[in-house]
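Worksheet: the structure to be examined is printed underneath.
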Amino acid sequence: MTRFANVGSSAIFLFLSILLIISRIPVTNTLHPAIFLGLATFLIFVIFRIVGGHKTSLMALTAVVSFWVVIAIWAIATQFLYDAGHDGHSYHLTAIWDLARGWSPFLSSHDNIWVDSYPSGYWVLQSYLVSTTGLLLSGKSLTVGLTAAVALLAYGFFQDHISDRLSRLKMFWGLLFALVIVANPVVLTQIMTHYIDGSLYLLGSALALFLLSDTYSDNRLARWSAIGCIILMVNTKTASLYYVPMIVFASFMAGWVLKNVAISHVQFIFNWIKRRGIPFGLAFVIGITIIGYKPYVTNVMDHGELLYPSVDKIMATNIPNNLESLSIPVKFFYGIFSRTEDSVWPVLVTAPVHLKIPGTFQLSEFKALDFDTRRGGFGPFFSLALILAIALYALTRFTRARGDDDRERSKGDVLALFALILILASVFFPESWWARYVPFTWLGVLLVTISTLFFGERKTRSLTSAILMSIIALCFFGNIASAILGSLRQSWHTYQRTAVIENMKNYPIIELTLIHDPRVIKDHQSTAITYSDKTWATLLRERGIESKMTSEFHKDDCEMSGFFDGNILWCAKAPQNE
């Protein structure tokens, strides 16, 4: 099982990176998507056959096929549920559908400024789902596939490098470890949307686990898989330009801690740069300048900025009003130690953040999480988990018995250092209070907790450390439960808003009115910042309902009316008698 987990997870991430790379060949609009899917699968089979032999190649093929089966099942099972978020309707779906129809970002611009200026790699992968299944909303299912792939990887990592620190139930604890890694509230609340923050977290977690595997035991397959993750990350979200170097730097520091004492510091640095730094750096640069030519290079050429539109302009109206004057680290403190609160209208996005005593909670916090939670976004008990994880590390690390295996202790230090860098990277990220922009904080706290297993023998661990570990586990599960409830709530609300669509068939036409967005962001290539009206027109047309866009909404003129996610008001007027 462990061997399959390692080979299978590597095969999936290498498959996705290869599929993205060959999708950049400018013939995608003339060949059926199945050809590219088949080619990427064939290349994975050949690569693993050459590297590991027949049995390994069959494992890789089984994993890739299973990956697509999981995605297909989820896509079919949830096709009646609409995207529960905002940005999916505003620009994600537009990008996915246009790519599925053959649009090439490298050859032409797009009228939607976000589609034109943001990385398109993840949309490309989602477009294969739409074009092969014919289901317009199937793209969001890729998140489920990634969740399964990272869970598989995490299980294999646990069995290879952590399970020896436990005396029994190793499979159970491995599955539990995998569950907690992938059940980040950012992932769970975005699983029924086209938001990509959860997907970025999954890709980054895979990168971290592959790098840690290579650090613990020289692993060529893990290194190549890490290269694939780097390419995928920088072509998913611009935040990867910050997170990828930080995660790779964490692996460098981890390797330094674990290096053989017979090797000098200079020799370690030279060897690391030659064997890892150069390949990872090349993947990063190529991922940006060639595979990610659009938007990174084109943004610089067309607008003189790598990150366009300006982040300051985007965030100007999104900061809670009591955080505006605070430093970035203090904003992080507020984001972690705040009460988990609703972010859905009529709550304003600028509503203040309220601090609370860690461990305390209100029942409302268990249903407040959604795809864009801006206050306490990791759940009601996360601040307590963070404090206790640090306390547990200090207790076990600095009270270890003399004679403990220094190599095992170093493995624990590696995990803790890696976690510390992930957390510090989140502390200094500009939008540090906003959970979906600092998702790796979750992984950091988990790794700190797990690192304590390497300090002290199994039979000599104190009752205090066992109690702390149990409380931390309960905190994680409490946060996961709140995320599940929040995700179910937002999907239920979306279902309620869209259940009326069947009744719309009784009307000749449905009027769609886009709620005004005060932001005016356009340039010589793009004139729109949202396509929500066009997105809903397409979704309604698929159900046999005709619609038209209007600039004004008068509820009194409507026989039926309502709201769609994406800031759309709709109106069904009574048919006029002829």
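Helix-only mean residue ellipticity at 222 nm, the chain, DSSP H runs n ≥ 4 weighted -39,500 (n - 2.57), per residue, nearest 500. What is it? Working shown, then result.
Values: 22 runs with 323 residues, N = 578.
That comes out to -18000 deg cm²/dmol.
Quick one: divide the alpha-carbon radius of gyration of the range 263-333 by 2.2 N^0.38 Å and tell me what you get.
Values: Rg = 19.2 Å, N = 71, 2.2 N^0.38 = 11.1 Å.
Normalised Cα radius of gyration, the range 263-333: 1.73.
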(request) Calculate the dipole size of the chain relative to its Cα centre from +1 charges on Lys and Arg beta carbons and -1 charges on Asp and Glu beta carbons; express the result in debye to the nearest 20. (result) 2260 debye
(request) Please report, in debye to the nearest 20, how large the charge dipole of the range 467-578 is about its Cα centre when each Lys and Arg carries +1 at its beta carbon and each Asp and Glu carries -1 there. (result) 380 debye
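Considering only protein heavy atoms and a probe of 1.4 Å, how much of the accessible area of the range 102-254 is carbon and sulfur, as a whole percent? Can you show the working numbers first?
On the way: 2500 of 3850 Å².
Carbon and sulfur: 65 percent of the exposed surface of the range 102-254.
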(request) Report, in whole Å, the centroid distance computed from the Cα atoms of the range 354-403 and the range 544-559. (result) 47 Å
(request) Calculate, in whole percent, how much of the Cα-Cα pair population of the range 1-153 lies beyond 29 Å. (result) 19 percent
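Over the range 161-272, what lengths in whole Å, largest first, do the semi-axes of the equivalent ellipsoid take, defined as the square roots of 5 times the eigenvalues of the alpha-carbon gyration tensor?
Values: eigenvalues 149, 94, 20 Å².
In descending order the semi-axes read 27, 22, 10 Å.
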(message) Relative to 2.2 N^0.38 Å, what does the C-alpha radius of gyration of the range 411-509 come to as a ratio? Two decimals please.
(response) 1.70
(request) Enumerate the amide H contacts of Ser547 below 5 Å, restricted to partners 5 or more residues apart or on another chain; note that Pro and chain-start residues carry no placed amide H. (result) Ile510
(request) Go through the chain and flag any cysteine with no other cysteine's C-beta closer than 4.7 Å, please. (result) Cys229, Cys475
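Expressed as a whole percent, how much of the Cα-Cα distance distribution for the chain exceeds 44 Å?
On the way: 29364 of 166753 pairs.
The answer is 18 percent, as a whole percent.
How much accessible area per residue does the range 301-460 have, counting only protein heavy atoms and a probe of 1.4 Å, in square angstrom? Walk me through the numbers before you get to the answer.
Working: 6900 Å² over 160 residues.
Here the residues of the range 301-460 average 43 Å² of exposed surface.
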(request) Run through the DSSP bridge list for the chain and note the antiparallel percent, rounded to the nearest 5. (result) 65 percent
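Using a 1.4 angstrom probe with every protein chain in place, what is the largest-first accessible-area order of Arg276, Arg168?
Working: Arg276 40, Arg168 175 Å².
Final ranking, largest accessible area leading: Arg168, Arg276.
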(request) Enter the Cα centre distance for the pair the range 111-158 and the range 444-501, rounded to the nearest angstrom. (result) 25 Å
(request) Identify, among Val300, His265, Phe210, the residue whose Cα sits farthest towards the positive end of the charge dipole of the range 144-303, taking +1 on the Cβ of Lys and Arg and -1 on the Cβ of Asp and Glu, with the dipole about the Cα centre. (result) His265
(message) Given all pairs of different Cα atoms, what value in angstroms does the Kirkwood hydrodynamic radius of the range 433-486 take?
(response) 12.9 Å
(request) Work out Dmax and Rg for the range 81-220 from the C-alpha atoms and quote the Rg first, both in angstrom. (result) 17.9, 59
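What does the charge count near Tyr128 come to, summing +1 for each Lys or Arg and -1 for each Asp or Glu among other residues with Cβ under 14 Å from its Cβ?
Here the charged neighbours net out to +2.
The values are calculated or read from the model by the stated rules, or taken from the named source; none is laboratory data. Keep in mind that this is a model prediction, so the values were computed, not measured. Positions of Cβ are generated from backbone atoms using ideal geometry, with glycine treated the same way; all protein chains shown enter the neighbour counts. Calculation scope for accessible area: heavy atoms of the full protein, side chains included, ligands and nucleic acids excluded. Shrake-Rupley method; radii C 1.70, N 1.55, O 1.52, S 1.80 Å.
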